[in-house]
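Colleague: Sharing a structure with you now.
The values are calculated or read from the model by the stated rules, or taken from the named source; none is laboratory data. Note that the coordinates shown come from a computational prediction; the quantities given were computed from them, not determined experimentally. With ideal geometry, Cβ positions are generated from the backbone for all residues, glycine too; neighbour counts draw on all protein chains shown. Remember, those area values only see protein heavy atoms, side chains included, never the ligands or the DNA or RNA. Shrake-Rupley method; radii C 1.70, N 1.55, O 1.52, S 1.80 Å.
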Amino acid sequence: MNAAQLVLAGWGLLICGAAACAVISARRHLVGPLAFLFALGSSVLVAPAALSVLLRDRAAETGALLSLPGVQAALTFRVDQLSALFLLIAALIAPLATLYSIPYMLRLRNQGLLRYYPLFLLFFAGLIGVVCTADWLFFLIFWEFMTICSYFLVIFNKEDRKAARAGLKYVVMTHGATALMLIAVIVTWKTAQPHSFSFAAAKAAMAQLAAARPALLHLLLALWFLGFATKAGVLPLGDWLPDAYPAAPSGASAVFGGMMSKFGIYGILRIFLDMLPASGFSTVWGIVIAVAGASSIFLGTLSALAQDDSKRLMSFHVIGQIGYMLLAIGTGIYLLPVNGLLATLAIMAGLFHLVNNVCYKTLLFFTAGSLEYRAGETNLNLLSGMWTVMPVTGAAALIGSLSIAGVPPFNGFASKWMIYHVTLLGVPGMPLFLLLGILALFVSLVTLASFLKFLGGAFLGPTALNEEQARAGDTPFAMQFPQMFLAALCILFGLAPMTALAGIHRAVGAVLPLAAVPSLSSLVGDSWAGLQLNAFGQQATGVWYPAVVLGALAVGMLIAYWVFRLGAAPRRAVDMWQCGALVDGALARYLVVEPKHEPATAQFESRFQAHGLYSCFKVAFRSVYPSVPLPHTGYPTRFMKIFDVDAWLFGPIVRLGNRVTGALSRTHSGVPQMYLIWQLAGLVVVVVLLALWAG
Amino acid sequence: MDPVVMTLLVVPFAGALICGVLSRGAKALAVLTALVVTALATVAVWRAWPLFPDGVNMSFGRLAWMPGYLGSIQLFGALVDPLSSLMLLLVTVVGFVVVLYSTGYLTPGNAEHAYREGDNRYYFWLLFFLGSMVGVALSPNLLQMFFFWEMTTICSWALISHTHTGVAQRAGFKALVITHIGGLGFLIALAFLLVFAQSFDFAAIGKLGGGLKTAAFLLLLGAAWAKSAQVPFHTWLPDAMEAPTPISAYLHAAAMVKAGVFLVARLVQASWEMPSLFGAVLLAGALITILMAVVNYFRQDDLKRLLAYSTIAHLGYVMLGCALGVYGSEKGFQGGVLHLLCHGVAKGTLFLCAGALAYGAGTRRISKLQGMGRRMPLVGAAFMVGVLAVTGIPPLATFWSKLYIFIGALGVRGGGVLLAVLAVESVVAFSWFIYVGHRIFLGEPAEEAETTPLPAAMSVSLVIGMLLCVLAPVLGVPLVRMILP
């Protein structure tokens, strides 16, 4: 059994699991563990298979599972190194998220679980299908399948009008995006000779279009980009994202925010690296992707600053973080024709950030869900002091927050550092990238600020829970374990970035349109303890050894303490800032008390406001990322009248007919004399006619 | 002469007659008859399959005693080729589901309209219609098709006015008049064919001279447009929604309205050189119809009327596929024919859902229905599956037919624009139907949404409908691939 067949088996197990969960969905306590077992079983099959593909550095393939000769499409499971990377991610998150969902979903007593676990497992099956197929038609089929499953998870709370609207916006926008991609796929199919949907044919077709019809190719690339960017949440196409992700149950939100958006990146890599030859097209679209990424970083993160809802805040960061990946990948694509080495490094940086992001973003969504689980609340203004109740969740949230903010030695720092490195150093003659890199660097600070708000608002300060809630303690182990696991990964990838980069290098190498892929050691050095970036190939342009830096930091702190003791500095006693205090004086004008809260909570809010520090941003950035309401449809009444054939054609004809026949029927009066007169008149007419004819 | 096909043609009419006079048990007999017909149709297709794409062509009627060429013209017969198999399976399978559904729907427990009497006449007409549709599907020539065609018109009239309310009678009469005027054109075209081409074959129109050919084609096209509710003859279909909902599902979504596009598909497929001007007329008509229907979606509050407009649009799709066939696009034509099947099952399912909602909640006004997902989860699931299937979400039914049509559209000149228009239509329709689904099924249940539970027959029908939405392309794609324009 080769790796692809193993993945197929894992995929089949998910489908079976969905069916099994559907059957026993009424047994609320059983269905969750059952789903978890199936997810775990599937991961046990998928993860080793994906690992073996990465280790052997060779793609694996099943035979054709389903062949559609009518349209020259065939479903094969083909696992190349890039697929393997994403498969590993899916295999990691699927069981964790399912495990997390078990206690979480039990709390939602008034919703049937038939609409959760089966769809959840099918969603993962869709994800696996997306990365494993080597045929664009089946890619879109899995893609849309995944979208529809996630849509049903978004509208899971079916009584919630807001969730329904969010789901509508989500499914409409992403379906439109899929339609764009379908057009691109069909045009590519048409171009390929012989017609085929396979990746190989599409690759050849793109090369042919690049030479013969560049304008058409640009159009196709634009369609692809729009399609994937919508899914990834790039602005302004990602307008649906901050509404849709928080609406789903937290287990699903975590998967959407932590993982699903990244599959848009997978699509972009497939198209712009695997399909598109390194050429002038790469230059143009590299810039487009990088600029789109940078704008996402800026707008997404800045908007996050103004959010009070923890899950919504996370969702905006999904947009911002996707921006970092796109910035790096766009830079890499731009560099492909000129500097293969740096291009590889840039794309690796982007993918590394993606892997890291999966870890900490899923973790953070989990923590937000845990807060909701315990306190029944996602509004950061109403949460407070949860640390005393939920220390484990709090620690996980801390690690996740520091990671996403790019604080060393966590994983977010390592990848962000690589991204800054390539954007700041790398592109001579194109100052745009320098600008974008600096922008990313500064926005990272905003990320830190907004996660301080999350941490401070939710975990610090006095507790807002009642006694009963407080006694319940931290969340069940099934919810804690996924967080601890992901937190450990955040630390691992931070301290030993090579563990991830070795795999990522092979994943990138498999799709890079370069004659020779630079070796891993020539790019990031060969030490497991750190990174040694070689942006120009000769000497190290940047070095990062977390252990060394941490050690130096520790030594420095010891020295500082020693100096402090030596100087015998006097101690001052001040109030500790608890991320919230009584707001008065000059700051009071920024106080935003939403009228929906009870007066008691409003008072609480004014004392310990999560956004105490951020009110000014909230006011200033309110419209940075406006949430566009769905337009109200007006009826083109005049236009409709044209088609109202009854009114202007059939109706008049029928009325005319009625009038004519009515007039004729008057001749039938029923009076015998009248009929005699008619006969006489008829006789006269006949005689006259005869006379005329004869004469 | 194949006994299976002969039995197939006779059984529904026999069943209809017996149902018409039985004092009780009409329901059970109707279900049995429909089941037998479905089984027979399956057997007939299965036996003919090895001979595809030619299939089985039988001739039963020849008036040898007539003088001259009249004696040698084939009048009646049965043709089982891929195209007729597709139609045959559609009308029999959906027919069975609808008959089964009707046994639950036409009961005194129906909250929208308590059906207390009229079972005999209902099942008589329903089975009579089933037989007529089988006749249309099996027609080897235009004459026989015309006979059965007009029979379906009469059934439609009787079934729309089934409840005998004033509105229903008006609607039935309107449908009768409009489709019958179309039928008159059909008859005149037949006369042309008889006199000038001496044949009723589908390809006979090719033997006519220039002007006459155009006239005959336009007359036949007019008949098809009237039957399939295409602009400008579309107005009867939304009004026909006064019919009991199973009738709307069957006659006005899955079967009868398909007769028109079936005729066009037959004409396009027949071996004669169709001038591309005819294709242009077909294409223009289809596009205008789709446009008209889409614009009308947004102001419908009656769920069934909304579905009716959607049906009109999708029949436009089939016409469009046929037009692509005229332009020489094999894929486009196959897609059109496949759409006939896929849309039939998907829209049939949606109508059954609309009926179930009306049965339970007593109304089919979208603005009155709310939060029905909690009251009727099965209907909610079936409706969503139906919506996804009818708007072309992979891997459900119409995705495949639309894919074929899209691919076919790219094969003709200016196809890119056509593709873009169709994609926009698809997305708009999808959005609107999802929106309507939200309005009906999500949110807090309305006060009056206290519902009566569905009879088992209706629930089973809904489940079969959902399955058909998945399975239709599995059967349909191999069939249409054997259809060569």
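Colleague: Could you compute Rg(Cα) / (2.2 N^0.38 Å) for the range B:130-169, with N its residue count?
Modeller: On the way: Rg = 12.4 Å, N = 40, 2.2 N^0.38 = 8.9 Å.
Ratio of Cα Rg to 2.2 N^0.38 Å: 1.39.
Colleague: Rg and Dmax of chain A over Cα atoms: what are they, in angstrom?
Modeller: 32.4, 146
Colleague: Arranged from highest to lowest average of other beta-carbon atoms within 10 Å per residue, in what order do the peptides A:667-679, A:406-418 appear? Write down the numbers at each step before the final one.
Modeller: Values: A:667-679: 10.0, A:406-418: 24.4.
Per-residue Cβ counts within 10 Å, averaged per peptide and sorted highest first, yield A:406-418, A:667-679.
Colleague: Let me ask something else about it. Equivalent ellipsoid semi-axes for the range A:282-432, as square roots of 5 times the alpha carbon gyration tensor eigenvalues: give them largest first, rounded to whole Å.
Modeller: Largest first, the range A:282-432 gives 34, 15, 10 Å.
Colleague: Let me ask you something else. Within 10 Å of each Cβ of A:459-466, how many other protein chain Cβ atoms are there on average?
Modeller: Numbers: counts 0, 0, 0, 0, 0, 0, 0, 0.
Rounded to a whole number, the mean comes out at 0.
Colleague: Now for a different question. Across bins of 5 angstrom width beginning at 0, how are the C-alpha pair distances of the range A:641-694 distributed, in whole percent?
Modeller: Taking every Cα pair in the range A:641-694, the percentages come to 5, 16, 12, 12, 12, 11, 11, 8, 6, 6, 1, 0.
Colleague: Obtain the nm distance between the two label points defined at A:I15 and A:V685 by a simple spin-label model: each point lies 7 Å from its Cα along the Cα-to-C-beta direction.
Modeller: 7.8
Colleague: For the protein assembly as shown, what % of the accessible area comes from carbon and sulfur atoms, probe 1.4 Å?
Modeller: Details: 29500 of 43010 Å².
Summing carbon and sulfur atoms, their accessible area is 69 percent of the total for the protein assembly as shown.
Colleague: Related question: DSSP loop trypsin sites (Lys or Arg not before Pro) in the range B:1-82 with at most 15 other Cβ atoms within 10 Å of their Cβ, which ones?
Modeller: Filter output for the range B:1-82: B:R24, B:R62.
Colleague: On to the next question. Going by Cα centres, the range A:508-575 and the range B:224-245 are how many Å apart?
Modeller: Centre-to-centre distance over Cα atoms comes out at 74 Å.
Colleague: In straight Cα distance, which aspartates and glutamates are under 17 Å from A:K203, not counting same-chain residues fewer than 8 positions off?
Modeller: A:D80, A:D135, A:D274
Colleague: What percentages, rounded to whole numbers, describe P(r) for the range A:169-271 computed over all alpha carbon pairs with 5 Å bin width beginning at zero?
Modeller: 3, 13, 21, 21, 15, 11, 9, 6, 2, 0
Colleague: Regarding the range A:39-168, what whole-number volume in Å³ per residue does the convex hull of its Cα atoms give?
Modeller: On the way: hull volume 15.6 nm³, N = 130.
Given the Cα convex hull of the range A:39-168, per-residue volume reads 120 Å³.
Colleague: Right, another one. How big is the protein assembly as shown by Rg and Dmax over its Cα atoms, in Å?
Modeller: For the protein assembly as shown, the Cα-based Rg and Dmax read 34.7, 146 Å.
Colleague: Out of every Cα pair in the range A:182-239, what percent are spaced more than 16 Å from each other?
Modeller: Pairs farther apart than 16 Å: 45 percent.
Colleague: Just check the range A:1-219 against the gyration tensor rule for me: Cα atoms, a ≥ b ≥ c as the square roots of the eigenvalues, rounded for a/c under 1.5, and otherwise prolate or oblate depending on whether a/b exceeds b/c.
Modeller: Working: a/c = 2.57, a/b = 1.48, b/c = 1.74.
Since a/c reaches 1.5 but b/c is at least a/b, the shape of the range A:1-219 is classed as oblate.
Colleague: Just report the Cα centroid separation between the range A:237-254 and the range A:87-159, whole Å.
Modeller: One Cα centre to the other: 13 Å.
Colleague: Taking the Cα atoms of the range B:82-154, what is the range of coordinates along each of the three principal axes, in descending order and whole Å?
Modeller: Sorted from largest, the Cα extents of the range B:82-154 read 44, 22, 16 Å.
Colleague: Can you pull the mean other chain C-beta count within 10 Å for peptide B:293-302?
Modeller: Mean shielding by partner chains, rounded to a whole number: 2.
Colleague: Extending each Cα 7 Å along its Cβ direction at B:L467 and A:L435, get the distance between those two points in nm, one decimal.
Modeller: 6.3
Colleague: Report relative contact order for chain B in percent, whole number only (criteria: Cα-Cα under 8 Å, sequence separation at least 6).
Modeller: The normalised contact order for chain B reaches 16 percent.
Colleague: With charges set only on the Cβ (+1 for Lys and Arg, -1 for Asp and Glu), what does the dipole of chain A come to about its Cα centre, in debye to the nearest 20?
Modeller: It works out to roughly 740 debye.
Colleague: Against the 2.2 N^0.38 Å scaling, with N counting residues, where does chain B land? I'd like the Cα-based Rg ratio to two decimal places. The partial results should precede the final answer.
Modeller: On the way: Rg = 21.2 Å, N = 485, 2.2 N^0.38 = 23.1 Å.
This ratio for chain B stands at 0.92.
Colleague: Determine Rg/Rh for the range A:43-115; Rg is computed over alpha-carbon atoms and Rh is the Kirkwood hydrodynamic estimate from the same atoms.
Modeller: Ratio of gyration radius to Kirkwood radius for the range A:43-115: 1.18.
Colleague: Across all directions of projection, what mean area in square nanometres is found for the Cα convex hull of the range B:45-178? Walk me through the numbers on the way to the answer.
Modeller: Details: hull surface 42.7 nm².
So the mean shadow area of the Cα hull is 10.7 nm².
Colleague: Straight-line reach from A:K162: which lysines have Cα under 19 Å away, leaving out those fewer than 8 places along the same chain?
Modeller: Straight-line reach from A:K162, under 19 Å: A:K311, A:K596.
Colleague: With Rg and the Kirkwood Rh both taken from Cα atoms, where does Rg over Rh land for the range A:278-568?
Modeller: Ratio of gyration radius to Kirkwood radius: 1.03.
Colleague: Round to a whole angstrom and tell me the spacing of the C-alpha centers of the range A:47-76 and the range B:351-370.
Modeller: If we compute the Cα centre of each part, the gap is 46 Å.
Colleague: Too long at a 18 Å Cα-Cα cut-off: which of A:K641/B:K304; B:K227/B:K258; B:K258/B:K347; A:K169/A:K262; A:K262/A:K361? Before the final figure, lay out each step's value.
Modeller: On the way: A:K641/B:K304 21 Å; B:K227/B:K258 8 Å; B:K258/B:K347 12 Å; A:K169/A:K262 20 Å; A:K262/A:K361 11 Å.
Result: A:K641/B:K304; A:K169/A:K262 exceed 18 Å.
Colleague: Now for a separate question. Can you work out the FRET efficiency for the pair A:R107 and A:V23, with r the C-beta to C-beta distance and R0 = 22 Å, to the nearest 0.05?
Modeller: 0.45
Colleague: Rounded to two decimal places and with Rh computed the Kirkwood way over Cα pairs, what is Rg over Rh for the range B:414-480?
Modeller: Rounded to two decimals, Rg/Rh equals 1.14.
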